[in-house]
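Notes follow once the structure below has been shown.
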Amino acid sequence: MRLFNRATHYISGFALVAILTMTVVDIVGRNAFRQPFRGTVEMTSMILVVVVFMAVAHSEDMGDHITIDLIYERVGKGAKVFLDIFSDLFTVVVMALVSYRLYQFVIRNQASGAETPVLDFPLWPFVAVAAVGAALYVVSTVMRVVLRLMGEPVNAVDPHAPDAGVEI
Amino acid sequence: MSPEVVGMLGMLVLVLLLFMRVPVAIAMIGVGLVGFGVIINWNAALARLGSDTFFAASLYSLSVIPLFVFMGLVLAASALGEDVYKAIDAFLWRLRGGLGVATIGASALFGAVSGSAVASATTMSVVAVPEMQRFDYDDGFAAGTAAVGGTLGILIPPSAILVLYGVLTEEPIGQVLIGGIIPGILTTALLMITAYLVVRARPHYAPRPAEAPDLSKWKAIRLIWAVPVIFGISMGGIYFGLFTPTEAGAAGAFLSIAYGVITRRMTWSGFMGALSRTIRTTAFIFMLVIGGQIFGFFLSASRIPIELGQWIETLDIAAWIIITLIFVVYFVLGALMDEIAILVIMTPIMYPVIIGLEYSGVWFGVLTIMMLLTGLLQPPVGLLCFVVSGVTKIPLQDVFRGIFPFVGALAVAIMLVIFFPDLVTWLPDLMTS
């Protein structure tokens, strides 16, 4: 599962490179050849959904999502286990609901045939990517709970950064 | 129950969930959903959950965030930070405590092509701190300059956090970014002067002069040609209205990759590492944006920001006192919470108050970021101090001691921006006129 999430996060990386390339081609085309890359803005928006939702599960595996540890660091081991499991279960409920509502939004968009304004791309496949991404987040968090109950370490090891968290 | 009471309860539950270590974004989505359901109705709340999530993740204006983050990480992977430090050092080494002053200057210059505080602080911890230790500088002072230098990465555009503020408030992102330039320069100058004065007051912090570097001033300037080129094209493009912020981000990221490839400094694994970390950062920032939007809709429905604004107007207190009180609130929160979380939670509450006081939203954006910078340094959770301590192995309490005078300098910079709002608004106003 974690390998799968890592793989999807590379899809996300590929999508970001696609946005970058498309935008640069648009800038150069527009200024040098008076030939803009049509629909860059809307494609950027849609691909952005891929970037975000293909990465949220991996981000969860790595323990990136911001938490406030002020109390957590000052309580005993038993309380820590309780807080861990409580926050994981809360996450599961919220993200499962988000994923389900995104799925409903897919159906609505399929029915109405909603499209992007310039290129007339159907909207629903992109919403579907978001629904799948949110579902992967849920599965990852459920796995975390299982790992915790088995007493295994929960955060995956980051091959790129041995000593620091994410960037801000 | 009146909407205001639901709003207050919602905020209480949010704080409770945060302290129970529920991820900030998830807690905001949960509380926002339930609160909106109670105040308006459940069907509307559930229907919005899917569409709001999708539309928040597909906001074109947000696409600049991963591009700015990527740009900074690619340049860090190409070891540009080292060059910048060497170049500044070539000018300042003669000065008493010059290596410390140079660390701050180099951080500012690196910040002009990178939007990441952590990348900047890490680079300086690796490059500048050992150099200062070689000349017997005080450990705390050396670490302090590296940590406080990191804050400049966020204030000086490009800055992902400034963009985040622009998106949350619907202020023009280009103007918010350009607004960070002068306060960035001002803060850099204040911090450099502070480093110099600290060494004057405590000569044993920098007991002996550094040696002349084997780099002439002319060569030093040539070493860092990439900084003005990348900053000029990306931020200049925004300033002159040639680029949207996203295009500036894409151009900057593209030039950064080109720099890494041409100078042959960026390896494939360096590139993939930068990409991977960019994606992870993007994922958690966007989750916060989604949480922020859903929580924001609930807050507006509760009418709390409007009521708060009206109440403050009836108080008949000078506006600067109110702003200073807000600074105090952010300062205290900074000791308790992560800075991005404060930004996402507090902005929807404070922004209407500021606009009610007839201040500029662009100005408050830059001021907010400056207020959050102090939180990146404060004990017990100051992120940058942990980063520097982690990399240099200098004990955390020494780092906290070292940053103390610099937090004072940051406070002075903040007060200057409060009393002279033109420091922020002058450049963005020129853009529009």
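The values are calculated or read from the model by the stated rules, or taken from the named source; none is laboratory data. Not measured: the values here are computed from a predicted model. As a convention, Cβ positions derive from the backbone with ideal geometry for all residues, glycine included, and neighbour counts pool all protein chains shown. With ligands, DNA and RNA removed, areas are computed over all heavy atoms of the protein, side chains included. Shrake-Rupley method; radii C 1.70, N 1.55, O 1.52, S 1.80 Å.
Worth pointing out:
- Looking across the range B:390-409, the residues that are under 9 Å from B:A143 (Cβ atoms) and open to solvent by less than 20 Å² (accessible area, probe 1.4 Å) come down to B:I394, B:V399, B:G402, B:I403.
- Of the residues making up the range A:91-115, those that are more than 10 Å from every other protein chain (Cβ to nearest Cβ) and either touching a helix residue (DSSP H, G or I) at 6+ places or on another chain (Cβ under 7 Å) or open to solvent by less than 40 Å² (accessible area, probe 1.4 Å) (or both) are A:A96, A:Q110, A:A114.
- The residues of the range B:197-215 that are touching a helix residue (DSSP H, G or I) at 6+ places or on another chain (Cβ under 7 Å) and either of a type outside the set (F, W, Y) or modelled with pLDDT of 95 or more (or both), listed by number, are B:V198, B:V199, B:A206, B:A210, B:P213, B:L215.
- Pairs, first over 13 Å from B:L372 (Cα atoms) in the range B:339-351, second among the polar types (S, T, N, Q), C-beta under 7 Å, six or more apart: B:Y351/B:T169
- Residues located in the range A:41-90, provided they are within 9 Å of another protein chain (Cβ to nearest Cβ), open to solvent by less than 40 Å² (accessible area, probe 1.4 Å), among the β-branched types (V, I, T) and assigned to a helix (DSSP H, G or I): A:T44, A:I47, A:V49, A:V51, A:V52, A:V56
- Only one of the numbered conditions (1) assigned to a helix (DSSP H, G or I); (2) buried (at least 24 other Cβ atoms within 10 Å of the Cβ) is violated by B:I182, and that is (2).
- Applying the set (1) within 14 Å of chain A (Cβ to nearest Cβ); (2) in contact (Cβ under 8 Å) with a residue 40 or more places away in the chain; (3) among the charged types (D, E, K, R) to B:R265 leaves exactly one unmet item: (1).
- Selection count where residues are more than 14 Å from chain A (Cβ to nearest Cβ) and at negative phi, scope the range B:347-383: 24
- Screening B:A143 with (1) assigned to a helix (DSSP H, G or I); (2) more than 12 Å from B:I369 (Cβ to Cβ); (3) open to solvent by 10 Å² or more (accessible area, probe 1.4 Å) gives one miss only, at (3).
- Counted as qualifying within the range B:18-81 are the helices (runs of 4 or more DSSP H) with 1 or more residues that are in contact (Cβ under 8 Å) with a residue 60 or more places away in the chain, open to solvent by 10 Å² or more (accessible area, probe 1.4 Å) and among the aliphatic types (A, V, I, L, M), namely B:24-39, B:64-77.
- Subset of the range B:413-433 (residues that are surrounded by fewer than 21 Cβ atoms within 10 Å (Cβ to Cβ), β-branched (V, I, T) and closer than 17 Å to B:I156 by Cα): B:T425
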